[in-house]
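Beneath this line is the structure, given in structure tokens, with notes to follow.
The values are calculated or read from the model by the stated rules, or taken from the named source; none is laboratory data. Computed from a predicted model, the values in this text were never measured in an experiment. Glycine also receives a Cβ, built like all others from the backbone with ideal geometry; neighbour counts cover every protein chain displayed. What goes into the accessible areas is simple: the full protein's heavy atoms, side chains included, and nothing from ligands, DNA or RNA. Shrake-Rupley method; radii C 1.70, N 1.55, O 1.52, S 1.80 Å.
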Amino acid sequence: MDITLRLAQQPEADALLGRSPLAALAGMLLDQQVPMEWAFSGPYTIAGRLGRDDLDAHEIAAYDPEAFAALLSQKPAVHRYPGSMAKRLQQLCQFLVEHYDGDAAAVWEGVESGKELLTRLNELPGFGKQKAQIFLALLGKQFGVAPDGWREAAGPYGEEGCHRSVADITGPESLEQVRAYKQEAKRAAKKS
């Protein structure tokens with residue numbers, strides 16, 4: 001896998017996301033309560049702090065929890081809540097080690113349908129329905145992982161030509177369109 005992504009808006013961080021299924025999953029996990037670019041640059045920052053060019057689920061799963069939290073807390077912090085995100089990232093990696101031998105791509109490789117893929121993504125620690133649907137849409141739209149029915153399983157995030165989520169970001173312009181969509185959705189939610 002070597003996909004060109006523009007999620008972190010930093011070439012080195014985006015290159016890691018494009019070649020590393022675990023980095024892409026980790027970026028998605030981190031994508032809450034911080035700007036998308038910050039979340040998706042997190043895996044690159046973590047790999048650098050570990051002295052690696054990629055993330056390893058076995059290494060992260062086995063890492064001392066306090067030391068891993070400290071690693072994410074170093075300035076600049078990987079997330080607004082580095083301690084809780086360190087814990088969630090370790091839980092994700094522990095699940096991947098236990099169920100997929102540490103291979104993040106095995107979550108989606110060989111799935112028969114979008115529904116099956118959504119089920120697998122929903123099983124991941126830290127992935128609720130919305131996050132699972134957005135990641136499914138990202139896999140379908142930008143990674144070419146398109147089992148039968150993937151768009152339906154991804155819900156509104158699977159729609160073609162929309163700008164709802166990280167799945168639709170291909171550069172600075174689409175990032176702004178997604179931001180505008182999210183701001184409008186927040187305004188509408190406050191009115192109701």
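The table below gives the values:
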| item | result |
| --- | --- |
| Extreme residue, farthest from the chain's Cα centre (by Cα), among residues of the stretch 91-126 that are open to solvent by 30 Å² or more (accessible area, probe 1.4 Å) and within 11 Å of Val145 (Cβ to Cβ) | Gly110 |
| In the stretch 8-49, the residues that are at pLDDT 95 or above, part of a loop (DSSP other than H, G, I, E, B) and among the hydrophobic types (A, V, I, L, M, F, W, C) | none |
| Scan of the stretch 170-181 for residues that are closer than 13 Å to Pro35 by Cα and in contact (Cβ under 8 Å) with a residue 40 or more places away in the chain, ordered by number | Leu175, Val178 |
| Conditions (1) open to solvent by less than 50 Å² (accessible area, probe 1.4 Å); (2) more than 20 Å from Gly144 (Cα to Cα): number failed by Ala62 | (1) |
| Qualifying position, being of a type in the set (Lys, Arg), under 20 Å from Ile134 (Cβ atoms) and out of contact with any His (no Cβ under 8 Å at 6 or more places or on another chain), among Arg19, Arg88 | Arg88 |
| Subset of the stretch 26-64 that is hydrophobic (A, V, I, L, M, F, W, C) and closer than 24 Å to Ala180 by Cα - its residue that is nearest to the chain's Cα centre (by Cα) | Met28 |
| Pairs where the first residue, in the stretch 59-84, is within 21 Å of Phe95 (Cα to Cα) and the second is open to solvent by less than 70 Å² (accessible area, probe 1.4 Å) and among the basic types (Lys, Arg), C-beta under 7 Å, 6+ apart | Leu71/Arg49 |
| Asp168 vs. criteria open to solvent by less than 60 Å² (accessible area, probe 1.4 Å) and in contact with a Ser or Thr (Cβ under 7 Å, 6 or more places away or on another chain) | yes |
| Of all residues in the stretch 1-25 being touching an Asp or Glu at 6+ places or on another chain (Cβ under 8 Å), of a type in the set (Gly, Ala, Ser) and buried (at least 24 other Cβ atoms within 10 Å of the Cβ), the one that is farthest from Lys182 (Cα to Cα) | Ala23 |
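Every residue, every condition in (1) in contact (Cβ under 8 Å) with a residue 60 or more places away in the chain; (2) in a helix (DSSP H, G or I); (3) not aliphatic (A, V, I, L, M), yes or no:
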site: Gly140; (1), (2), (3): no, yes, yes
site: Ala146; (1), (2), (3): no, no, no
site: Arg151; (1), (2), (3): no, yes, yes
site: Ala167; (1), (2), (3): no, yes, no
site: Gln183; (1), (2), (3): no, yes, yes
